[in-house]
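Enquirer: First the structure, then my questions, so here it is.
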Amino acid sequence: MMLLKSKAFICIGLLAVMFASCESNLKDVQMMNAVAFSPAGQSEDVNLKYTDSGELKAILESPLMLDFSNLDYGFNEFPKGVHVTMLDENGNKTFIESDYAISYNKTQLIDLQGNVKITSHDGKRLETQQLYYDQKNEWFYTEKNFKFTDEDGRYYEGPGIDFNKDFSIINAQQNSGEGNVDNIE
């Protein structure tokens, strides 16, 4: 009987050691993944100015930027949000804000998330929870619900919209709205 208890104790001890070593291996694997997905750099209180042919085109401000350019599909992450000021050729400003943003280097696509707001120099305003910006084509789009308000206070809302950077071309998938009909002839 004593021999049976002794063998059981040894088996339990071996199992405990084996599980402890598995947990250690799991922690090692998790650490390897964490190291492989660490940012190459981190910047605080970011104030970036984008120029083209010597002209100021945009100003990006953020409390924190994480640089993941060390990855095959590099990107910059703004986990504490962004405030962007875009300037057109006449110096008119459009303001963009979001709680979170990620900018993909190769595709030149920016993903804005959380309380996204765009306000143009002439009073147009768009609000949504997620919005993509294609920098190459200067085009915004979302499949999420949005609310667009024009300079006269008329608005429409619905799921899915795409538009150019100055709101002169707008395509909405489905929408409803409210506005003043006194000016309709």
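Enquirer: Would you mention how many residues in the stretch 51-70 are open to solvent by less than 80 Å² (accessible area, probe 1.4 Å) and not in a strand (DSSP E or B)?
Expert: 3
Enquirer: For residue 43, work out the one condition from (1) open to solvent by 50 Å² or more (accessible area, probe 1.4 Å); (2) among the hydroxyl-bearing types (Ser, Thr, Tyr); (3) over 18 Å from residue 109 (Cα atoms); (4) at pLDDT 60 or above it doesn't fulfil.
Expert: With respect to (1) open to solvent by 50 Å² or more (accessible area, probe 1.4 Å); (2) among the hydroxyl-bearing types (Ser, Thr, Tyr); (3) over 18 Å from residue 109 (Cα atoms); (4) at pLDDT 60 or above, residue 43 is out only on (1).
Enquirer: Restricting to the stretch 85-130, name every residue that is open to solvent by 20 Å² or more (accessible area, probe 1.4 Å), β-branched (Val, Ile, Thr) and farther than 18 Å from residue 146 by Cβ.
Expert: 107
Enquirer: Which condition from (1) at pLDDT 60 or above; (2) open to solvent by less than 40 Å² (accessible area, probe 1.4 Å); (3) over 30 Å from residue 168 (Cα atoms) is the one that residue 13 breaks?
Expert: Looking at each condition in turn, residue 13 falls short on (1).
Enquirer: Also, I was wondering about something else. Scan the stretch 71-91 and report the pairs whose first residue is without any contact (Cβ under 8 Å) to a residue 24 or more places away in the chain and whose second residue is assigned to a strand (DSSP E or B), with Cβ atoms within less than 7 Å and a gap of 6+ or a chain change.
Expert: So the pair list comes out as 79/64; 79/66; 79/100; 80/62; 80/63; 80/64; 83/61; 83/97.
Enquirer: Based on what the data block shows, is residue 152 in contact (Cβ under 8 Å) with a residue 12 or more places away in the chain and under 24 Å from residue 52 (Cβ atoms)? So that I can check it myself, show each step before the final result.
Expert: Details: in contact (Cβ under 8 Å) with a residue 12 or more places away in the chain: yes; under 24 Å from residue 52 (Cβ atoms): no.
It is false that residue 152 is in contact (Cβ under 8 Å) with a residue 12 or more places away in the chain and under 24 Å from residue 52 (Cβ atoms).
Enquirer: While we're looking at this one, here's another question. Could you tell me whether residue 138 is modelled with pLDDT of 85 or more and either at positive phi or touching a Ser or Thr at 6+ places or on another chain (Cβ under 8 Å) (or both)?
Expert: yes
The values are calculated or read from the model by the stated rules, or taken from the named source; none is laboratory data. Being a predicted model, the structure only gives us computed values, none of them experimental. Neighbour counts run over all protein chains shown; Cβ positions are idealised from the backbone, glycine included. In case anyone asks, the SASA skips ligands and DNA or RNA and just uses the protein heavy atoms, side chains included. Shrake-Rupley method; radii C 1.70, N 1.55, O 1.52, S 1.80 Å.
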